[in-house]
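Have a look at the structure below, then the notes.
The values are calculated or read from the model by the stated rules, or taken from the named source; none is laboratory data. Given the structure is predicted, the values throughout are model-derived calculations rather than measurements. Every residue, glycine among them, receives a Cβ derived from its backbone with ideal geometry; neighbour counts consider all protein chains shown. Remember, those area values only see protein heavy atoms, side chains included, never the ligands or the DNA or RNA. Shrake-Rupley method; radii C 1.70, N 1.55, O 1.52, S 1.80 Å.
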Amino acid sequence: MTQSLSFARHGDKRNSDFFNEYLVKLLEERDRSGLTDNIHEIDAMMITVDPGHSIRYIAELALMTPYHYLVTLESESHWTHILRIDMNSPDFLVREVKDPNTRGIFRSLNEVYPIGQHKPNSRYMGEILRVSDLHDVVQCQQDREFRFFSQDEVRKLELPGNLAIGKPSPYTHNIVAYMERPKDQIRTYALGISSIRDDVQEAYLAAKEKQAELGIDKLILPIDHLATRVYSQNREVAILEYLSLSSYYYWGSYDITDQNSSTNVTKSVHHSDEMRSPAKVFTANNTPYFVNHLEKLPSPTETFVRNYGPRLHHLAIAVSDETLPQDQHGMDNIDFVVSQIASQGRNFLLDVIGSKEDGLKQIFSSASEHSSLIIEYVQRFGDFQGFFTKDNVAELTRAAGVEEELIQLQAASKA
Ligand SMILES: [Fe+2]
């Protein structure tokens, strides 16, 4: 039996007695019930975009990440494109709503937030976790008070029929879905009619050719972590809820005092390598917005959540630390990748920060106009295990906050 509490703890952020007590209780019970061993890695991530955006978003991902276009599943009111690296890393499902007037639960999650409402169908939806026995997992999670969409609702939502899909989290607004699949079996999604669309294929191939021409195709690796932003008061419950839904463990939390924020990391108990199953990171302000007029502290994280709603903030993509003989560019791989992508017109919110001596270098791109997601590139040197240095996180959080202020101004001028 996997021992979810046996992993080394990192970080300096203090948690409440409630958190410390229930972290132990929940994980002990999860191990005992068999859930920890029944639930495996993140098998796919789901994202939705507004009409007319999916092809350009796929081209963006094909240039900036290792993803390949595989196939499109057409259902009555959606196109669902499947992107894949290989069977060792999660798939990406990019779903486009055909009609801009389509209404639904995922759209509603955007609409009550001042910036979120400007792209009502664009948001990261959540993860699909691979399980050994779907019936057992759903039964067990229902006994633990988790709620699922009915099979009829899944059909109406036009999501794959072979998934069990949980209701959106009240804390993160993300969903967790489960898919039964033996390890050596290929991933399939029971939805609509599948075809390789010529227009998508053309955009994808052009982006991949460009990626190779820029010499960055071998340097960009799979997803390292997924970072969700939540309201300050939901930090601990968002972590505990995710641990209850997955087979992840609590890696630890760092207080980023400079930005009045903390970064909290959970990781797979089954795979120490993030490429197999990305780490899930939660960021929250240390204080709620309504004490700000008294404390006068920076609050970029709380401001983001108030503007967009709780949601995924960035996808972090790993950059290879290996120097290939043909890579005679005279700089660290991450600097080379960023300069090549910037040459194609993509902006970055700051310069590459960190150093080889610190153990890692990181950078944030500007938010995608299609998904609103930022791409982080992260290069670790040698055997560095962490996700950040405190200085880096403070700088990244500050830079993202400056960008959001600009977006907010633009949104206000459009309103
Ligand atoms: Fe990150």
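Does the chain come out rounded, prolate or oblate by the C-alpha gyration tensor, with a ≥ b ≥ c the root eigenvalues, rounded set by a/c under 1.5 and, if not, prolate when a/b is larger than b/c and oblate if not? In terms of gyration-tensor shape, rounded. With the cut-off at under 15 Å, measuring from each backbone N in segment 143-160 to a point 7 Å along the Cα-to-Cβ line of K98 picks out 156-159. The share of accessible area on segment 37-212 that comes from carbon and sulfur is 51 percent, using a 1.4 angstrom probe.
Protein heavy-atom accessible surface, 1.4 Å probe, per residue over the chain: 42 Å².
Rounded to the nearest 500, the helix-only mean residue ellipticity at 222 nm of the chain stands at -9500 deg cm²/dmol, with each DSSP H run of n ≥ 4 adding -39,500 (n - 2.57).
Determine the alpha carbon to alpha carbon distance for each of K208/K280; K267/K356; K13/K280; K98/K156; K13/K390; K208/K356 and list only those over 19 Å. Distance filter (> 19 Å) returns K208/K280; K267/K356; K208/K356. Considering only L73, G386, F364, and ranking their Cα positions along the charge dipole of the chain that arises from unit charges at the beta-carbon of Lys, Arg, Asp and Glu, the one farthest toward the positive end is L73.
Using the Cβ-Cβ distance between L297 and Q151 with R0 set to 41 Å, the FRET efficiency works out to roughly 0.30. Of all the options E158, E28, E145, the one that moves most in a Gaussian network model of the chain with Cα springs shorter than 10 angstrom is E145. Overall, the chain carries a charge dipole of about 820 debye about its Cα centre when +1 sits on the Cβ of Lys and Arg and -1 on the Cβ of Asp and Glu, all other atoms neutral.
In order along segment 73-87, the Karplus-derived 3J(HN,Hα) couplings, from 6.51 cos²θ - 1.76 cosθ + 1.60 at θ = phi - 60°, round to 9, 9, 10, 3, 10, 9, 10, 10, 8, 9, 10, 9, 9, 6, 7 Hz, and Gly and Pro are given as x.
For H78, the residues 5 or more places off, or on other chains, whose built amide H falls under 5 Å of its own are K98.
H40 contributes an accessible area of around 30 Å² to the protein surface, as traced by a 1.4 Å probe with all chains present. For the chain, give me the percentage of DSSP beta bridges that are antiparallel, rounded to the nearest 5 percent. Counting DSSP beta bridges with both partners in the chain, the antiparallel share is about 70 percent. Summary of packing: across the peptides 174-182, 68-76, 371-379, the per-residue average of other C-beta atoms within 10 Å ranks them, highest first, as 371-379, 174-182, 68-76. Distance from the C-alpha centroid of segment 220-259 to that of segment 354-407: 15 Å, rounded to the whole angstrom.
Solvent exposure of R229, expressed as accessible area, is near 10 Å², computed with a probe of 1.4 Å over the protein chains only. Which residue fluctuates the most in the chain, going by a Gaussian network model with Cα springs under 10 Å, if the choices are S169, S108, S244? Top of the fluctuation ranking is S108. For segment 215-414, what does the alpha-carbon gyration tensor say about shape, rounded, prolate or oblate, given a ≥ b ≥ c as the root eigenvalues, a/c under 1.5 as rounded, and a/b over b/c as prolate? Cα axes put segment 215-414 in the oblate bin. Rounded to the nearest Å, what's the spacing between the alpha carbon centres of segment 46-74 and segment 14-36? Just the number, please. When both Cα centres are located, 37 Å separates them.
Remark: accessible surface ordering of T188, T389 (largest first) is T188, T389, probe radius 1.4 Å. Taking square-rooted eigenvalues a ≥ b ≥ c of the alpha carbon gyration tensor, is segment 37-212 rounded, prolate or oblate, where a/c under 1.5 means rounded and, failing that, a/b exceeding b/c means prolate? Oblate, since a/c reaches 1.5 and b/c is not below a/b. Using a Gaussian network for the chain with springs between C-alpha atoms less than 10 Å apart, which of these wobbles most: K167, K361, K156? Judging by the Gaussian network model, the answer is K156. Taking every full run of DSSP H in the chain, the ones that stretch at least 30 Å from end to end by Cα along their long axis and average -0.5 or higher on the Kyte-Doolittle scale are 390-414.
Taking the protein heavy atoms of segment 215-414 in the context of the full set of protein chains, the accessible area attributed to carbon and sulfur is 49 percent at 1.4 Å. A simple spin-label model places pseudo-atoms 7 Å from Cα toward Cβ; at S194 and E213 they are separated by 3.1 nm.
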